[in-house]
2 protein chains.
Amino acid sequence: MTNDVLGFTAGVASAGVKDGTPRRTDVALIASDRDCAAAGVFTTNEVIAAPCVVTRRHLERGSLRGIVVNSGNANACTGEEGERSAVAMAKAAADKIGCDPHEIAVASTGVIGVPLPIDRIGAAVSGMVLRAGEWNEVAQAIMTTDTKPKNIGMDVKLAAGTVHIRGIAKGAGMIHPNMATMLAFVMTDAEVATDELQEMLEDAADASFNLISIDGDTSTNDTLLLLANGASGIELRGEDLKEFGGALRGLCEVLAREILADGEGVTKVFEVRVSGAASAEDARRAARTITTSNLVKTAIHGADPNWGRILAAAGRSGAKVDQTKASVRIADVSVFADGTPRAFDSDVVRRVFEKKDITIGVDLGVGSESARAWGTDLSAEYVRINAEYTT
Amino acid sequence: MTNDVLGFTAGVASAGVKDGTPRRTDVALIASDRDCAAAGVFTTNEVIAAPCVVTRRHLERGSLRGIVVNSGNANACTGEEGERSAVAMAKAAADKIGCDPHEIAVASTGVIGVPLPIDRIGAAVSGMVLRAGEWNEVAQAIMTTDTKPKNIGMDVKLAAGTVHIRGIAKGAGMIHPNMATMLAFVMTDAEVATDELQEMLEDAADASFNLISIDGDTSTNDTLLLLANGASGIELRGEDLKEFGGALRGLCEVLAREILADGEGVTKVFEVRVSGAASAEDARRAARTITTSNLVKTAIHGADPNWGRILAAAGRSGAKVDQTKASVRIADVSVFADGTPRAFDSDVVRRVFEKKDITIGVDLGVGSESARAWGTDLSAEYVRINAEYTT
């Protein structure tokens, strides 16, 4: 049984963000009863949403007390009015929990380019009831086309005692994080210095959210936040700090995989392991390109043992490939080795591709660097969902 | 009425390349009755098919007499045996028309990683009957999932007299040329020096094939060849050379657009015009990224006026974007200007997106460079075609 992170409460409300009709919860507030050291990573998209701009600014000023978030509207490409709305969201949350607006992080997810109904959101926040343990409610309130809430708790037993971590995330579409996923919030009652917190968060993001792709489209709103309020009374130092970092990475990996498996129209996920690359950057580029290739994604969807598409995607990724030495493995089956196709039983590969979780290995035949990336199949259902999103 | 290119003949045959059963024509030979100055551009994929390797080598040695091509098998990722097969294809064609094997260009298209049935192809070539005017038959023989042959003739009236150009192409899938399209062959009876021919061909490819994308996947076999045999007796110089270059560019643009419109599962095509970019490279990168975004492609498929996805794609392309000055136009409708969403009638945008041919304008708000790119929608039919390709 996981104990909850100490000193945090949360609340949710229905503001009818998307079309004025409150059908489901779409606003959430996470609050700490004391100042939190805070770290964040954000989208690398040149078009960055107002809440990301405002939150980055607040993080630079110092500690945080809470996170306010809405689904149904991304508050992106909304001009100066959008930034005023993000600031007003922070103000509403600060009034609710009794702190300075600069101590609030703001996040939004949903359709781009539509003004945020800030009055309805402000009213919803002020009417909220904040309680301990409302994590599943928060995870539900931030969903868009997600089908399942993503909410994980973890106890981390350290030399100095036990601390708790709680992670909440949402994904589903426009998922090709280049810093963080769409939205993920991690809370802990450990006490950690801000610069160590930021470093741990960036490491964890690189080993988790930054490896996944559902559709190759990096969002304008990607936000990953980590708040540490120290309510456990346990300060992280030395080995404990390393152990906590490992637990954080594990939690982020689980959240990233949950986002992947619950992606729009996704029926299968696959891991690509690239080896034999000339550089780490080449390895990552090849792995990411394979996971975003529509031809690879549709072959996996159709359980088609068409491995040539995998090698072709590596070849166009910009990474060096020596096709006379390259190899491709699908699960345990070698289909191409030392630049030559291997005779293989296509029914065996088909059975591998019919599984829900597939591993593909590609050796570029050039050097000794490696990387992993995680992708999803491309289904007709994905097309259906995204041809009707705003309508 | 277009007169045919002088001095060229062609033939086709059924070799049962794909599965041993000759159901349709799948081998073609284009022959010139005299030496041709020749130019070519090839895939930039690091994984390059054997026929491209062999043809590039033959082009370096000098003039050509013909092109031999098969569909149903790409002869890519086939190891050393693949290169021997490509050389054997050139030998069969050279024997047929009575020239040196080095004077033959070889091209293949189809599934990757399967050994080429070179004996059947060789027998098919040696049994061919070569005739004038067989262009539509050639265009049919090189089709894979294309639904229509792509074959255009053009008369170019110059000061020195009239010359003829003939262009044949195929596309359909794995179409994101980064040098040329899948396969396109252009023949002319004008007399042109090799270096001028190469320069004209590269210019034409950049303004046509290199602007289109069906699925973002650059093929291992992209080949664009231009053969000039001089049979018209007209040598191109000065203004005539420029005029011929313009005609060539026009012909390549028509072929590229035909490839796009006949892409796998394509129901609509769209042109992206990027302006206000910091550099020409930025403009091109933004335009290409928008045409390959699955979220943009599905929005257009569903006639969903979700313009935020267009700007988000530009923002992740790597190009500089000033979102406080950027603008987006869909056909004649301004939906986002100077960093602010415009009130617009979404039914009007929906009606634009319901057309078969759509124009999108994006101003990045940074500089003064511009570029164009052409893309297609993403349909459930695309997924169906590519989930079953080899099976």
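The values are calculated or read from the model by the stated rules, or taken from the named source; none is laboratory data. What you see is a predicted model, and the numbers here were worked out from it, not measured in a lab. Using ideal geometry, Cβ is built from the backbone for each residue, glycine included, and neighbour counts are taken over all protein chains shown.
Sort out which residues of the stretch B:140-158 are among the polar types (S, T, N, Q) and modelled with pLDDT under 85, and write them in order of number.
Within the stretch B:140-158, B:Thr144, B:Thr145, B:Thr147 qualify.
Take the residues in the stretch B:338-368 that are among the aliphatic types (A, V, I, L, M) and surrounded by fewer than 16 Cβ atoms within 10 Å (Cβ to Cβ); name whichever of them is nearest to A:Val114 (Cα to Cα).
So, considering only residues that are among the aliphatic types (A, V, I, L, M) and surrounded by fewer than 16 Cβ atoms within 10 Å (Cβ to Cβ), the one nearest to A:Val114 (Cα to Cα) is B:Ala343.
Anything in the stretch A:338-383 that is of a type outside the set (S, T, N, Q), assigned to a strand (DSSP E or B) and within 14 Å of chain B (Cβ to nearest Cβ)? List them, or say none.
A:Pro341, A:Val362, A:Asp363, A:Gly375 - these are the residues of the stretch A:338-383 that are of a type outside the set (S, T, N, Q), assigned to a strand (DSSP E or B) and within 14 Å of chain B (Cβ to nearest Cβ).
Regarding A:Gly375, is this residue surrounded by fewer than 21 Cβ atoms within 10 Å (Cβ to Cβ) and either of a type in the set (A, V, I, L, M) or under 30 Å from the mean Cα position of the chain (by Cα) (or both)?
Spelling it out, it is not the case that A:Gly375 is surrounded by fewer than 21 Cβ atoms within 10 Å (Cβ to Cβ) and either of a type in the set (A, V, I, L, M) or under 30 Å from the mean Cα position of the chain (by Cα) (or both).
Just give me the residues in the stretch B:98-120 being over 30 Å from B:Tyr382 (Cβ atoms) and under 25 Å from the mean Cα position of the chain (by Cα), in sequence order.
Listed by number, the residues that qualify are B:His102, B:Glu103, B:Ile104, B:Ala105.
Mind listing just one residue for me: the one in the stretch B:381-391 that is in contact (Cβ under 8 Å) with a residue 24 or more places away in the chain and of a type in the set (Ser, Thr, Tyr) and, of those, surrounded by the fewest Cβ atoms within 10 Å (Cβ to Cβ)?
B:Thr390
State which residue pairs qualify: first residue closer than 16 Å to A:Arg288 by Cβ and inside the stretch A:351-380, second residue polar (S, T, N, Q) and part of a strand (DSSP E or B) in any location, beta carbons under 6 Å apart, and separation of 6 or more residues or different chains.
Taking only residues 6 or more apart or on different chains, the pairs are A:Ser370/A:Ser275.
Please verify whether the stretch B:71-85 includes one or more residues that are crowded, with 24+ Cβ neighbours inside 10 Å, out of contact with any Pro (no Cβ under 8 Å at 6 or more places or on another chain), of a type in the set (Ser, Thr, Tyr) and under 23 Å from B:Asp222 (Cβ atoms).
yes
Could you tell me how many of the residues in the stretch B:268-312 are in a helix (DSSP H, G or I), more than 9 Å from every other protein chain (Cβ to nearest Cβ) and not aliphatic (A, V, I, L, M)?
Residues that pass the stated criteria total 7.
Name the residues in the stretch B:41-81 that are modelled with pLDDT under 90 and under 20 Å from B:Ala231 (Cα atoms), would you?
B:Gly62
Run B:Arg61 past the list (1) within 14 Å of chain A (Cβ to nearest Cβ); (2) more than 22 Å from B:Ala205 (Cα to Cα) and report the number of the one that doesn't hold.
(1)
Quick one: what pairs do we get from the stretch B:17-33, first residue at negative phi and without any contact (Cβ under 8 Å) to a residue 12 or more places away in the chain, second part of a loop (DSSP other than H, G, I, E, B) and among the aliphatic types (A, V, I, L, M), C-beta under 7 Å, 6+ apart or different chains?
Listed by first residue and then by second, the contacts come to B:Pro22/B:Ala15.
Being within 14 Å of chain B (Cβ to nearest Cβ) and over 23 Å from the mean Cα position of the chain (by Cα) is the filter here, so list the residues in the stretch A:72-97 that pass it.
The answer is A:Thr78, A:Gly79, A:Glu80, A:Glu81, A:Gly82, A:Glu83, A:Arg84, A:Ser85.
Is it fair to say B:Thr9 is in contact with a strand residue (DSSP E or B) (Cβ under 7 Å, 6 or more places away or on another chain) and in a loop (DSSP other than H, G, I, E, B)?
The answer is no for B:Thr9.
Looking at the stretch B:317-334, which of the residues that are over 16 Å from A:Gly82 (Cβ atoms) and touching a helix residue (DSSP H, G or I) at 6+ places or on another chain (Cβ under 7 Å) is farthest from the other protein chains (Cβ to nearest Cβ)?
The residue in question is B:Ala331.
Look at the stretch B:259-293 and say how many of its residues are at pLDDT below 85 and either over 21 Å from B:Ala331 (Cβ atoms) or not aliphatic (A, V, I, L, M) (or both).
Number of matching residues: 5.
Can you confirm whether the stretch B:40-48 contains a residue that is within 14 Å of chain A (Cβ to nearest Cβ), of a type outside the set (Val, Ile, Thr) and part of a strand (DSSP E or B)?
yes
Could you tell me whether any residue of the stretch B:31-39 is polar (S, T, N, Q) and either touching a helix residue (DSSP H, G or I) at 6+ places or on another chain (Cβ under 6 Å) or farther than 24 Å from B:Gly171 by Cα (or both)?
Yes: one or more hits.
Going by the structure shown, is A:Asn221 in contact (Cβ under 8 Å) with a residue 40 or more places away in the chain and out of contact with any helix residue (DSSP H, G or I) (no Cβ under 7 Å at 6 or more places or on another chain)?
No; evaluated as a whole, the condition is false for this residue.
Pairs under 8 Å by beta carbon, first residue over 23 Å from A:Asn210 (Cα atoms) in the stretch A:45-63, partner aliphatic (A, V, I, L, M) and in a helix (DSSP H, G or I), six or more apart or different chains?
Listed by first residue and then by second, the contacts come to A:His58/A:Ala90.
Would you tally the residues in the stretch A:119-168 being touching a helix residue (DSSP H, G or I) at 6+ places or on another chain (Cβ under 7 Å), more than 21 Å from A:Phe8 (Cα to Cα) and crowded, with 23+ Cβ neighbours inside 10 Å?
The total comes to 1.
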